Every structure is written in structure tokens, then in C-alpha cells.
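I have placed the structure first, in the form of C-alpha cells, so that the comments after it can refer back to it.
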Amino acid sequence: DAEITQSPRHKITETGRQVTLACHQTWNHNNMFWYRQDLGHGLRLIHYSYGVQDTNKGEVSDGYSVSRSNTEDLPLTLESAASSQTSVYFCASSESAGGLETQYFGPGTRLLVL
Amino acid sequence: AQSVTQLDSHVSVSEGTPVLLRCNYSSSYSPSLFWYVQHPNKGLQLLLKYTSAATLVKGINGFEAEFKKSETSFHLTKPSAHMSDAAEYFCVVRSVYNAGGTSYGKLTFGQGTILTVHP
């Protein structure tokens, strides 16, 4: 079955280190998204991509970057991890359907920055 | 700009009693609205969605929601709670914008409502 996976599921790192979170989907969806989930804030959009070589900033993009070299993957990189980036990160994907598509979410990555 | 407000951060019910999770939205045009559920340590699962068809939307696991434009509300209900319904629920509004002749959608999440079900 098609799915969306994230790795690692849990990660502990130190401030200042570079961290990359992987997201892989097998639906052949053009659209992919990264969110962070924090208590009291719901999910907030970090970055998104509408196709290969396309990337866009969301509402909380500072300190994060993404690249889209193929349809299946959208890795999220924390250039220099900060304690404020301790969070649960969710990747999502959707088809291109004139903006009417439903987003499907991965299981999440729990990141702790010490 | 789109926004969504979930009026209760926590709701507690007894098993077998009705569930009501409240959501109000703000939108400059007819929105698309969703409810997602997140069980502990799990990802988000789509419960139901409203996309300008019938105003009463039925979802999975016996949940339904009614879109009321006059009240800008999209409350989630279930007639009889089950222990397995204990989870966090998110109301979500989708904005659609056009760029370069193509339409795109972006989601805005509410803060979430934690549902507790007592035996």
C-alpha cells in the first residue's frame, strides 16, 4: 500500500548540531509539507513544496531548510539546532488537484534539542 | 486571511454520552473545512471534510460535523462516545490561492481539543 514514512521517529541532539529529518511518500504526490506541533499551537507550517525543485517558506521557516530533488522525498534540515526547535515534526503530502486535495500525514518525528 | 478557533482545549465525557467539539472559523470566502484526529503518539488521521457540498458531513467512527455559514461554525459531534475516541482533535481550514494559473491549497490548524472519555 502507498504510504508516507518519517525517520527517525525519535531523535535527541545537541544545540548547534545540524539535523536532517527524512520524509518519504510512495503515493507519487506532487505536494509535500512539513509542520511542527507544539502545545497550544496546533500544527504550524514550516516549508512546503509543490513539485521537484520547488520549495516555499511557511509561517515558521526560520532555522529550517528543505530541498526537493525527486517526487518521493522532502528532507527537513535544521541548520544549527536550537532548544526552541524541540517539537514533534509531521510531514504530509497531497495530490495536485487545484488546491482541493486532502493532505495525508506521516507518523511524526519527536525531536529533543538539549 | 484564514483562521480557526477551537473553543475548548479539553472536553471530558462519560462513555455512551454525546460528544461535542466546537470549532469556529474565519474566512473571506467559502472555506473547505476538516477535522483530523490524533491518538497518543500517532500521526493525524482525517475524520471528515466539508468542501461546499452537503452541509452535514459524515465521517469515520460515527462522527459528523455540520457546516453553518451564518454562525461560521463547524462543530464535531458523535451521539455516543466510546473509550477509543479519547484523542486530540484538530479543526482545520483550507485556503486556496492562485499563482501562475495554478490553484494551491494551504491548511491552517486550530489549537486542538483533547477529548477524555471516562468509563
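Relative to 2.2 N^0.38 Å, what does the C-alpha radius of gyration of region A:11-109 come to as a ratio? Two decimals please. Don't skip to the end; give the middle numbers.
Numbers: Rg = 13.1 Å, N = 99, 2.2 N^0.38 = 12.6 Å.
Taking the Cα Rg and dividing by 2.2 N^0.38 Å, one obtains 1.04.
Could you pull out every one of the aspartates and glutamates with an alpha carbon less than 20 Å from that of B:Lys68, ignoring same-chain neighbours closer than 8 positions?
Those aspartates and glutamates meeting the cut-off are B:Asp8.
Could you tell me which residue out of B:Gly16, B:Ile60, B:Ala87 lies farthest along the dipole of chain B toward its positive end? Charges go on the beta carbon: Lys and Arg +1, Asp and Glu -1, centred on the Cα centre.
The residue sitting farthest along the positive end of the dipole is B:Ile60.
What does the C-alpha gyration tensor say about the overall shape of the protein assembly as shown? Classify as rounded when a/c is under 1.5, otherwise prolate if a/b is larger than b/c, or oblate. Don't skip to the answer; put the middle values down first.
On the way: a/c = 1.90, a/b = 1.33, b/c = 1.43.
It is oblate, given that a/c is not under 1.5 and a/b is not larger than b/c.
Mind sorting B:Met83, A:Met32 by how few other Cβ atoms lie within 10 Å of their own Cβ, fewest first? Mind dumping the intermediate values first?
Numbers: B:Met83 10, A:Met32 28.
Exposure proxy ranking, most exposed first: B:Met83, A:Met32.
Ranked by Cβ crowding within 10 angstrom, fewest neighbours first, how are B:Tyr25, B:Tyr36 ordered?
Details: B:Tyr25 20, B:Tyr36 25.
So the residues, fewest neighbours to most, are B:Tyr25, B:Tyr36.
Order of B:Phe63, A:Phe90, B:Phe34 from fewest to most other C-beta atoms within 10 Å? It would help to have the intermediate numbers written out before the result.
Values: B:Phe63 20, A:Phe90 24, B:Phe34 27.
The fewest-first ordering by Cβ neighbours comes to B:Phe63, A:Phe90, B:Phe34.
A short reminder: the numbers here are calculations on the coordinates, not readings from a lab. What you see is a predicted model, and the numbers here were worked out from it, not measured in a lab. Every residue, glycine among them, receives a Cβ derived from its backbone with ideal geometry; neighbour counts consider all protein chains shown.
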